[in-house]
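> Before we start, here is the structure in question, set down as structure tokens.
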Amino acid sequence: MLIRVVRMTFQEDRIEDFLENFEKNKKAIRGFEGCHHLELWRDENKPNVFMTYSHWENEEALNRYRDSELFKKVWAFTKTLFSEKPFAFSSKKLQEVNF
């Protein structure tokens, strides 16, 4: 399982545009082959900062998504809304601590 986090900072007057586009495409992204989980987060103290948190079967599945027409369409629109360069990273869970 590959965990992907993408941190995006938006122009304040374009936040609604981002949210509308995410709402329109979230089911297609989550339904993409190899995607097992998708969340949208908002920074508690910076309301124009959002993060997507997703689980992918493996790096190959993520790369298939990144090469897809769906990603190209969504990303082409999303990147026009940024006020700062986005930051993304992939990780693998080592442990989960439960009580």
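Every number here is computed from the coordinates shown, using simple stated rules; none is lab data. All values reported here derive from a predicted model rather than from experimental measurement. Neighbour counts are summed over all protein chains in view; Cβ atoms, including those assigned to glycine, are modelled from backbone coordinates with ideal geometry.
> Once the Cα atoms of helix 69-78 and of the chain are each reduced to a long axis, what angle between those two axes, in degrees from 0 to 90 to the nearest 10, is obtained?
It works out to around 40 degrees.
> Something else: If a/c stays under 1.5 just call it rounded; otherwise compare a/b with b/c (prolate if a/b is bigger, oblate if not). Do that for the stretch 37-93, with a ≥ b ≥ c from the square roots of the Cα gyration tensor eigenvalues.
Oblate.
> Moving on to the next point. Once you have the Cα-Cα distance between residue 36 and residue 20, take 0.36 nm times their residue separation minus that, and quote the gain in nm to one decimal. Working shown, then result.
Numbers: separation 16, 0.36 × 16 = 5.76 nm, distance 2.22 nm.
Between residue 36 and residue 20, full extension yields an extra 3.5 nm.
> Show me, for the stretch 49-62, the HN-Hα J-couplings you get by feeding each phi into the Karplus relation (A = 6.51, B = -1.76, C = 1.60, θ = phi - 60°), rounded to Hz, glycine and proline as x.
So the J values, rounded to whole Hz, are 10, 10, 9, 9, 10, 9, 10, 10, 3, 6, 5, 5, 5, 4.
> Mind checking which aspartates and glutamates have their C-alpha under 18 Å from residue 92, skipping anything on the same chain fewer than 8 residues away?
Residue 92 reaches 39, 57, 59, 60.
> Residue by residue, what Karplus-based ³J(HN,Hα) values in Hz, rounded to whole numbers, does the stretch 86-99 have, using 6.51, -1.76 and 1.60 with θ = phi - 60° and x for Gly and Pro?
With coefficients 6.51, -1.76 and 1.60, one gets x, 10, 10, 8, 10, 9, 10, 6, 8, 8, 10, 9, 10, 10 Hz.
> For a label point 7 Å from the Cα of residue 28 along Cα→C-beta, name the residues of the stretch 37-70 whose backbone N is under 12 Å from it.
68-70
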